[in-house]
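Below: the structure, in structure tokens.
The values are calculated or read from the model by the stated rules, or taken from the named source; none is laboratory data. Please read all numbers here as calculations on a predicted model, not as lab measurements. Backbone-built Cβ (ideal geometry, glycine too); neighbour counts: all protein chains shown.
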Amino acid sequence: MEPEEGEESVIVISDNEGENDGETSVFIIEHSPEVAETSKEKSTEVVDEECGLAITYSKKGNVMPHARYDCVEQDFMRTENDISEPAGNNLNFCEQCYCYICDKPASECQYWKLPSICHCNAHNKSTYWKAHRDVALAGALSIFDFNLVEIDSELRHGGALLQKFWLELALEYNKYLMGIIMTRNHLIPCICVCHNQFKRLCEICQMNHVEIRLYSYTPVFNMVNKFMHQAEKEKPKSAAIMMIGVAKEILLHKQPPQEVFNKDDRTSTPKQAVPIFMQRLTNSLQRMLVLSDFPPYLFNKLKAFYKTLPFPSYCFAFTNSLNVLSWDDHFLTSILRGQNITGHRQKKGRKEMLWEELSVVQARVERMEAREEYRELVRYLRVIKCSDTLKLRILQDKVPFYFCKYGDFHSAAQSFHLSSSLSCCTACRLTPYQYVVYLKIFKTGTVPARCELSDEGRWTFVKGATSIRNCALLKCALRILFVNDILYRDIHCWTQLIQIHSSSCILGEEELQVPPPVFVKSTAVLAAAILEDLKNGIVGLPKAFSSVLQRESALILITVAAAQMLHKKLSVMNIVLPLIIAYGKNFWALKLLFDSLSVKEEVLHHFCALLSSNIRVYKSVLIDAFKCHDADYVSDLVTLFLSFKQATIQSVSIPVLNVLVEAWHEFKTKECLWTETLHSFLQNKVIPAMEMLNTAQFTELRNKINRLF
């Protein structure tokens, strides 16, 4: 190739490239008239016969930007870590020389020849200078030993904020170490008479006016607190870098000797303030390691760096706080997959159990809930151990709910109790609201769409779920009541239990058939023995509860259990009306309840008096029940009360009829047949019965009824 006019030839390439034993095949030829002349003649001239080099084309090359140690114009002397002064000719540079550390032109490097730094000596073959370059490029991230390829924009952002904060924190911490000079009476006001009245200092109060140096770490605390708030708003990677970088600095903060500080301020010394931050930092970092899906290199390097932090004696409790298992840890995965159901393993001849900090447990629960990994969540909660047993127990009490979420209702019913001995278990801690929600779940076979045990919001069917049998539901519901005294004496829990086993306008079920009186009586006797077994942990039910009348048998068992509860707890109750309404049209079962209460006259009298009072106070509840059913319901209810021989039970019909009379105008809005039925019932049944009783109360009520027509 012919060179252009005015260009200078400088490059010579060997035509034996690849056969020179590793030596370079490119030689720089000094500009000479002979070369130029040769170029003009367009001839090939052998320059070195031994090397076999020939000039084929030559021109002066454009020198590209390069590191100082690669400069071809200025010699460079390599040293390992010489920073005292420029070595050899390293101080000199060409126009294209760059500083290896700063990544700036050598002419712009502020530390090019500065003693104790000397960037001019830097090169890529020195371990010292390579580490120095990594620090310069990575900034605060260099402390984590990242490779440059591992540093993404999120990490770099966190490192930049951390680097800036370190400089600001150093200034504020230095102010703390300097202290503030003031007199002692600023801390302890002087009460001496000489000082307050005569405005002079005596020997007694003179000590209160000497100058002291007061130290307050509170400004540092406030600065760190502000930065922590900022970190919590950043993305996970940035936040983790910022938080662990803060820990590195504040753990180095020390109190000056003979420090004087305000004892009323909880943040006036590092010893008081730093543990506060460490608790907050470790909790946040633990949650991020669980929830943020950090890549393995970042996960491991954060943990490794945390172990190198210099924990003072007052922070030793946080030394192992970041020993968080990754999601792919073999021990953890074996538990989540059901391969390890004990939560124990043998490691180096020692037995270990799965133990994690509360914040880690909470984060794992949160993540598995979000991913609907309910089977794994049950396995985890059944074996995990934690120092905060009370808060862990709150999480573990949701295990029955998680069983329900993936459709294993039978296991859910069993999980309320740890053992057949009915020792302290989840059932002991259920609230009345939770109990009612669980009954609805078991009865309908549906669960809340959200991961909250709440009756509100949308409910869904679980795909592939099998509903719990009525017998299993009955045993579970009663056993829970027997071990939980709060539920046992809560009338609404019994109301819900009765509703799901009898007619209910809520569930839209029809009333049960009326069983023969002999069957009711014999089953009631059997129910008493069954209830004793359930209370003692024996959970089997006789074949009678699997017969054709199993629903009726279940209602008899519940009624006998309710009567036993009323015998024990009636004195502490203030409402029983919902219990009566819960039976719906199953008046035969309601009659059994009154018969069971009649065993003790004082209990029956107290119950009827409380029921009558409830009807007068909560008349709207009874009116709603009337509207929910038909006119026959009202008639049959009043007839039931009047059919008893005991005057105490008969008297309950008076407040019921009073409510009916007072709300008569509301019932007129219903179909004509409804009003006619009630009219016929009152005229043909109630008024004759009142005439037979002939009491003052019934006489007054009879007059009210007659005025309606």
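Here are the numbers for this structure:
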read-out	value
Filter result for the condition that a residue is out of contact with any Ser or Thr (no Cβ under 6 Å at 6 or more places or on another chain) and modelled with pLDDT of 85 or more, over 654, 649	649
Filter result for the condition that a residue is under 17 Å from the mean Cα position of the chain (by Cα), surrounded by 14 or more Cβ atoms within 10 Å (Cβ to Cβ) and outside any strand (DSSP E or B), over 364, 375	364
Every residue from the stretch 107-137 that is without any contact (Cβ under 8 Å) to a residue 24 or more places away in the chain and out of contact with any helix residue (DSSP H, G or I) (no Cβ under 7 Å at 6 or more places or on another chain)	107, 108, 110, 114, 119, 130, 131
Those residues of the stretch 332-343 which are without any contact (Cβ under 8 Å) to a residue 24 or more places away in the chain and exposed (fewer than 15 other Cβ atoms within 10 Å of the Cβ), in sequence order	339
So residue 512, is it touching a helix residue (DSSP H, G or I) at 6+ places or on another chain (Cβ under 9 Å), under 18 Å from residue 585 (Cβ atoms) and either at pLDDT below 90 or of a type in the set (Asp, Glu) (or both)	yes
Flag for residue 323 being part of a loop (DSSP other than H, G, I, E, B), crowded, with 18+ Cβ neighbours inside 10 Å and not hydroxyl-bearing (Ser, Thr, Tyr)	no
Qualifying residue in the stretch 306-315 (condition: among the basic types (Lys, Arg) and within 23 Å of the chain's Cα centre (by Cα))	no
Residue pairs meeting the criteria (Cβ under 8 Å; at least 6 apart or on separate chains; first free of Cβ contacts under 8 Å to residues at least 40 places away in the same chain, in the stretch 390-410; second among the small types (Gly, Ala, Ser) and surrounded by fewer than 19 Cβ atoms within 10 Å (Cβ to Cβ))	403/411
Qualifying residues in the stretch 455-470 (those that are surrounded by 11 or more Cβ atoms within 10 Å (Cβ to Cβ) and in a loop (DSSP other than H, G, I, E, B)) - the one farthest from the chain's Cα centre (by Cα)	469
Selection status of residue 437, free of Cβ contacts under 8 Å to residues at least 60 places away in the same chain, surrounded by 17 or more Cβ atoms within 10 Å (Cβ to Cβ) and more than 18 Å from the chain's Cα centre (by Cα)	yes
Residues located in the stretch 263-310, provided they are assigned to a helix (DSSP H, G or I), surrounded by fewer than 19 Cβ atoms within 10 Å (Cβ to Cβ) and of a type in the set (D, E, K, R)	271, 280, 301, 303, 307
Among residues of the stretch 554-613, those that are over 25 Å from residue 475 (Cα atoms) and of a type in the set (Phe, Trp, Tyr), counted	1
